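Heads up: the structure comes next, in structure tokens.
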């Protein structure tokens, strides 16, 4: 059995992750601009990418399992591409698997960094909005629950705004 179908799936996964990374870069710009409509469009697009990646990941897992079973290798845990690299007999296939695998890891690492940046930007924007709202809201007067100004002062007679003897 050849590893070519696994390489093909890995290349598709790499392409989808690169596309997701481009969306993350666009999302950064939209967050900076405050373009909520554009941001919603990007989020919908990201969701479709994630769904496609999940499908490809299931296919990859099935192909890796089938390949390892065909080689007579039984694994107790989830089979990975690293297991396939170890089991591959043809040097060119092994090198191709390693290259694609490293490329995917690199793209995913960049994607994590960009998503962390986006998360920080959104958090900072939210803090700014909350600070602005706090400045616009009237501050409540200080409440004194005892009804007295101080402990050693006698309560003063309440003064009316209107002169009742007029």
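The values are calculated or read from the model by the stated rules, or taken from the named source; none is laboratory data. Bear in mind that the values here come from a model prediction, so they are computed numbers and not experimental data. Every residue, glycine as well, gets a Cβ built from its backbone with ideal geometry; the counts of neighbours run over all protein chains shown.
Which of the residues belonging to segment 26-40 are under 16 Å from the mean Cα position of the chain (by Cα) and surrounded by 14 or more Cβ atoms within 10 Å (Cβ to Cβ)?
Going through segment 26-40, the residues under 16 Å from the mean Cα position of the chain (by Cα) turn out to be 26-31, 39-40.
The answer is 26, 27, 28, 30, 31, 39.
From the residues in segment 76-108 that are surrounded by fewer than 17 Cβ atoms within 10 Å (Cβ to Cβ) and farther than 14 Å from residue 10 by Cβ, which one is nearest to the chain's Cα centre (by Cα)?
The extreme case among them is 78.
Across segment 87-102, what is the total count of residues that are modelled with pLDDT under 90 and part of a helix (DSSP H, G or I)?
Let us first name the residues in segment 87-102 that are modelled with pLDDT under 90, namely 87-90.
Subset that is part of a helix (DSSP H, G or I): 87.
Selection size over segment 87-102: 1.
Here is a yes/no grid of residues against (1) farther than 30 Å from residue 125 by Cα; (2) in contact (Cβ under 8 Å) with a residue 40 or more places away in the chain; (3) out of contact with any strand residue (DSSP E or B) (no Cβ under 6 Å at 6 or more places or on another chain); (4) not in a loop (DSSP other than H, G, I, E, B):
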position: 25; (1), (2), (3), (4): no, yes, yes, yes
position: 51; (1), (2), (3), (4): no, no, yes, yes
position: 76; (1), (2), (3), (4): yes, no, yes, no
position: 111; (1), (2), (3), (4): no, yes, yes, yes
